[in-house]
Structure formats: C-alpha cells, structure tokens
Amino acid sequence: MIGYVAYADRYAGDLQGVADHLDHLCDHGVTYLHLMPLLKPRAGENDGGYAVADYRAVRNDLGTVDDLADLTRELRSRGISLVMDLVLNHVAREHEWARKAREGDPHYRDYFYLYPDRTEPDEYEKSLPEVFPDFAPGNFTWDDEIDGWVWTTFNSYQWDVNWTNPDVFCEYLDIMLYLANLGVEVIRLDAIAFIWKRLGTSSQNQPEVHHLTQALRAALRIVAPAVAFKAEAIVGPDDLIYYLGVGSHHGQVSDMAYHNSLMVQLWSMLASRDTRLTEVALSAFRPKPTNTTWATYVRCHDDIGWAIGDEDAAAAGLDGAAHRSFLSDFYAGAYPTSFARGLVFQENPATNDRRISGTLASLAGLEKALESRDERAVDAAVQRILLLHAVILGFGGVPLLYMGDELGMLNDYSYADDPDHAADNRWVHRPRMDWELARQASEDPGSVAGRINAGLKHLIAARKRTPHLHASVESTVVPSPDARLLILRREHPLGRMLQVYNVTEWAVQLECAVLREHVGGEASEVLSGYDYSLAPYSLTLTPYQALWLVEKVTPPTSHA
C-alpha cells in the first residue's frame, strides 16, 4: 500500500473537492488516504481539529456525514482505503459529555477526572511531563462551572476522559462501529498513549492501554473484521513495540504503528552525515509481530521532536543532549553549515528541549537553495528529498506521503496572518495544495517540482513491483564499514534484499565484498533496473544515491 496524508480543506476545500481530485492520488499509486480530522471540532481554537465536539458529525465547512459516506464509496471503487482520526484521550469542553458533566449529571461527571482542589492534581504533577509548555502549561485546568479542576493533558479546552469507567469504553466502541458503517477502513487511535492515568508515573504507556486496545480490537473484529487500527503513539522504541503486541498481546493490539524513530533518524543522518546513531537506534527494536506493520514517514502534520535516547547516543559515541541541541540548531537554520529553513516549536528553557516545524522540502534545503539561485544546491536538495522517500518506501510497511511533498512545496509563512494559527508555527508546514504547481510538475518534468514528482513516482513504481518489501518482513541493520552509508537487509522467500543509502553529498566507495556476503556475486538493482556484478573490488555510490539490490536466486530444476 501507498499512503497519502492531507487535511481535506487544504487539499481540495471540502469532501466533494477531495472526490474531484482523486486522479492525483491514483496517479501516484495511493491506496490509503488519511484525511486529518474530519469530525466536528469546537469553534475557534481547536488544536488543529483534535478537540472534537461531536464524533458523529463532520466539520461544517467540509460537508455532511452523507458526503463522507459518498466519498468512502468513491474511494473504495478506486481501491483506496479511508483512514480517519479517533481522538481517544480527550474531548472538547463543548462536547455533549462535558456539557452534561458541567450541568451536574453524575453519570457524565464520571466520564472525566474532576477534583475539588489541587491536592490530587499536585501529586500527579510531580511526575507528569508538559505537552505544550509554551501555551498550555500544566495538566489540569480550573473550570468555574464544574467548580473544580479538570485533567487537561493537552489544552485547557480538551478534557481527558476517564477510561477506568466501562461506560467510556462502550461509548468509544459504539463510535468505532459508527465510523466503520460509514466506510472507514483504518481508525487512527489518536493520543492512545495517554488514556490510562497512574499516580507517580508519566501516565503514558501504562499496561492498561494495551488491555483496552486489545479489547476494542476484539470487539470490532467480530462485526467489522476488515477495519484496522493504527496507533498514534509517538514514544520510544522500548514502549512502541507494545502497541503492536508483546507477550499475551502479541499481534492483537494495533495493526500498525508510526515508526517515529525511523523518521527522527532520517533527519539526524542528513544533518550529521553519519549513520552510526541510526544503526544503534534501529537495532534496538524488537521484532514486530508478522501480522502487524509500521507506518513509515519522512514528515507529518506535527512538529519533529528529537526522540533520541541518551543510551543510544552514548553507544554511538555521542552526547544525547548535545546531539539533540545540534539537530534543533541545524534544522532551525542556526548552525553555520545548515541547508535547512525550519522554525523552533515549543522551546523549553529548563530542559533545552526544542522541536522543529517546517515542510520536508524546506528542511531538506530546497527553500534556501532556490533563494540563493544555486543550481548545485537545488540539485542536492532534490536528491535529499528523493533519498528520504527511498528509505521509507524501502523499509517495509505502509509509507505515508505528506500532502505537497510530492511537489517539493515550501514553508507557508502566511500562517502568521491568521489569528487562529499565528500562535502555532506548525501551520508553516500545513500549506494549501498548490494545484497550479501540480499541473506544472506534470507538464514539465524538468522543473524542480517535476523532478521531485517524477522521481517519487519512479520509486513508488519500483516498490510496487518488488515483493521483497512485503510488510511481514523485517528490515534489519547491517553494520556499515563507512559511517556515511546506511545498509539494511530483508530476508524474503524469493531471496535476500540489501538496501544501501548514501546519506551525504559526497561520493562514497564501498567494497563489494560487503554486498557479496548478503546477495552473492550478482544482484538485480531494482531502482535502476540493471543487473550488477559484484565481482569488482568496489563500487561508487554517488551523492544521496539509493541501491535496492535483490539476490538472484536460481530456480530449482524440474523433477517432472
């Protein structure tokens, strides 16, 4: 499958507009469409749509529930599955449950965490991190109508729901079945890591999260077995594997999870020109259940947080805090040799934690290169963009293309002129789709957008004809003799596949003996379509080159 992620309004205005622009998706081989939050949010500030006021209604500006059902039918006729967000940790303060709680209904008051004073909240705060320290510090909000404190992990207008209450479980299961009946085929479990609270912990990744997810999945499998779960759990490797299932939950929790670590490592490699940290980080992952898979991505609608553990950094000879600081400086454009144009998001002076906003193309150097009119820099940026996509397309799983990246769309600084968005610089990488640029890219493959678009289509076509990339197979790290190269191996019944990625702007020599050890003396290179003899002493990888080498397996002799 090939995934595509977009805001419906920014892609095409409304749900009918999305239906009118499906040819663009089909042209890129898309079979999985994630339209970010479609459900009705609170008016005004709403965390990009993730403060849901009604789970059974579509945003007024996008259309109606009937329009959504019409869209899912059209998508299915074209072989595309619709993915929708379901926010599990919280609802908008304006949601019916919260309204009834404020009115004093004891049934609905039990849907939330409410406290008459700061005694319990202060105890919880001792171990709770802050998600938005800049504009939503703390995890509890005073509400005059409740006459008490409400647990609000994200924003003051997003009330955390109480999953210890079985009625909450039944409510969300009913919502899932409602969405399935509308034709939704993948449910993205938003903020799933936060749904269980425990004093003295971060109240993230608690064991009960996985018990509840398995129970929801089991119930949904009874009546809608084709619906898949995707966990939106942006957590460390040690915690992430539990969202796909470990032990008694093996393969029975979510069907898919975001490989956040791979995304972070892509950007780390590009900035440092070094793959040693990536080797350490990817090697730390335990094998996933074979009936689950990763969602791989270069960029998404959210900021990039540098989820790099100190232990992994130390194993790669780095200081974790210093490396995270370097990456923030580099992608904010503050590092002397940086090619990037990004914005710092949610800086925490106490910890020096800084996250980064910016489109893929701007972070990869295209914006700066175009401004300087440096053709060599433009070429390098285009190569970086295609290399990053080659990795997510080759890693295995469901690669997710973020809207506009197929055209190299740049940062949209006009967000600062919109009062609803000005305080949140993540909108810099949420531009409106440039359909004129899409037309130019199609008509002029020699333009910058055309080169990116054509290069990405070439990678997608290569992926679709390569069975070795089946999601049940793991990509494992092969220690590289050169820190400028990332080498991944995949074991498949049709033969081994070896991928080599040069993450630098320099040509790199690689001894062929390294390759022969895994794929033999001759291999087919999928991206170029050529057969490679690996008998010579070495081969040269050009700047930002990707190789997908497949072992040539001799078919058995017939004994008929």
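The values are calculated or read from the model by the stated rules, or taken from the named source; none is laboratory data. What you are looking at is a predicted structure, and each value in this text was computed from that prediction instead of being measured. FYI the Cβ positions are ideal-geometry reconstructions off the backbone, even for glycines, and counts take in every protein chain you see. To get the accessible areas, we keep the full protein, side chains included, count just its heavy atoms, and leave off ligands, DNA and RNA. Shrake-Rupley method; radii C 1.70, N 1.55, O 1.52, S 1.80 Å.
Taking amide H as placed 1.01 Å from N in the peptide plane, A295 has its amide H under 5 Å from the amide H of A257, Y258, H259, V398, each at least 5 places away in sequence or on another chain. The charge dipole of the chain, taken about the Cα centre with unit charges on the Cβ atoms of Lys, Arg (+1) and Asp, Glu (-1), comes to about 1920 debye, rounded to the nearest 20. Here the 3J(HN,Hα) profile of region 42-53, calculated from phi with Karplus coefficients 6.51, -1.76 and 1.60 at θ = phi - 60°, is 5, 6, x, 4, 8, 6, x, x, 8, 10, 7, 9 Hz, Gly and Pro shown as x. Placing unit charges on the Cβ atoms of the charged side chains and taking the dipole of region 428-487 about its Cα centre, the candidate lying farthest along the positive direction among L459, V473, S442 is V473.
Amide H to amide H, with H built 1.01 Å from N, D353 comes under 5 Å of N348, counting only residues 5 or more places away or on other chains. Ordering M403, T72, A226 by the projection of their Cα atoms onto the charge dipole of the chain, which places +1 on the Cβ of Lys and Arg and -1 on the Cβ of Asp and Glu, puts A226 at the extreme positive end. Close amide-amide hydrogen proximity is noted between G13 and no other residue 5 or more places distant or on a separate chain, at a cut-off under 5 Å (H modeled in the peptide plane; Pro and chain starts excluded). For the pair N60 and N181, a Förster radius of 25 Å applied to the C-beta separation gives a FRET efficiency near 0.70, rounded to the nearest 0.05. Cβ-Cβ distance of Y413 and N348, R₀ of 22 Å, FRET efficiency by 1/(1 + (r/R0)^6): the value works out to about 0.40.
Averaging 1/r across all pairs of distinct Cα atoms in region 1-109 and inverting the result yields a Kirkwood radius of 14.9 Å. Close Lys pairs in the chain (alpha-carbon distance under 25 Å; sequence gap of 8 or more, or different chains): 10. Taking the Cα centroid of region 439-466 and of region 48-123, what is the distance between the two, rounded to the nearest whole Å? The two parts, judged by their Cα centres, are 38 Å apart.
Spacing of the modelled spin labels on S77 and R465, each 7 Å from Cα toward Cβ, amounts to 3.0 nm. Given +1 at the Cβ of Lys and Arg, -1 at the Cβ of Asp and Glu and no other charges, the dipole of region 237-340 around its Cα centre is 280 debye to the nearest 20. By how many degrees, between 0 and 90 and to the nearest 10, does the Cα long axis of helix 166-181 differ from the longest principal axis of the chain? The helix 166-181 is inclined about 50 degrees to the chain.
Of the residues V184, V168, A136, the one whose Cα sits farthest towards the positive end of the charge dipole of region 132-287 is V184 (charges of +1 on Lys and Arg Cβ, -1 on Asp and Glu Cβ, taken about the Cα centre). Evaluated with a Cβ-only charge set (Lys, Arg +1; Asp, Glu -1), region 109-198 carries a dipole of roughly 360 debye about its Cα centre, given to the nearest 20.
Across region 453-458, rounded Karplus estimates of 3J(HN,Hα) from the backbone phi angles (6.51 cos²θ - 1.76 cosθ + 1.60, θ = phi - 60°) give 4, 5, x, 5, 4, 5 Hz, Gly and Pro being marked x. Here the chain has 51 percent of its accessible surface on carbon and sulfur atoms, given a 1.4 Å probe and all protein chains in place.
Taking θ as phi - 60° and the Karplus parameters 6.51, -1.76 and 1.60, the scalar couplings of region 427-435 work out to 5, 5, 10, 10, x, 7, 4, 9, 6 Hz in sequence order, x denoting glycine and proline. Using a probe of 1.4 angstrom and keeping all protein chains present, the accessible surface of the chain works out to 39 square angstrom per residue. For the pair region 488-532 / region 281-355, the C-alpha centres are spaced 27 Å from each other. Electrostatic bookkeeping for G13 treats Lys and Arg as +1 and Asp and Glu as -1; over the other residues with beta carbon under 11 Å from its beta carbon, the sum is -2. When volume of the Cα convex hull per residue in Å³ is calculated directly from the model, which label among [x] 131; [y] 169; [z] 353 fits? Matching entry in [x] 131; [y] 169; [z] 353: [y].
Among all stretches of the chain without exposed chymotrypsin sites (Phe, Trp or Tyr not before Pro) (DSSP loop, at most 12 other Cβ atoms within 10 Å), which one is longest? The answer is 136-505.
With the whole protein complex present, D147 retains an accessible surface near 100 Å², based on a 1.4 Å probe.
With a sphere of radius 12 Å drawn around the Cβ of E517, what net charge do the other residues whose Cβ falls strictly inside it have (Lys, Arg +1; Asp, Glu -1)? Counting the neighbours of E517, the net charge comes to +1.
Here the calculated FRET efficiency for E511 and Y335, from their Cβ-Cβ distance with R0 = 30 Å, stands at 0.40, rounded to the nearest 0.05. Computed with a 1.4 Å probe over protein heavy atoms only, the accessible area of K368 comes to about 80 Å². Tally Lys/Arg at +1 and Asp/Glu at -1 over every other residue whose Cβ is under 11 Å from the Cβ of P37; what's the total? After counting each charged neighbour, the total is -1.
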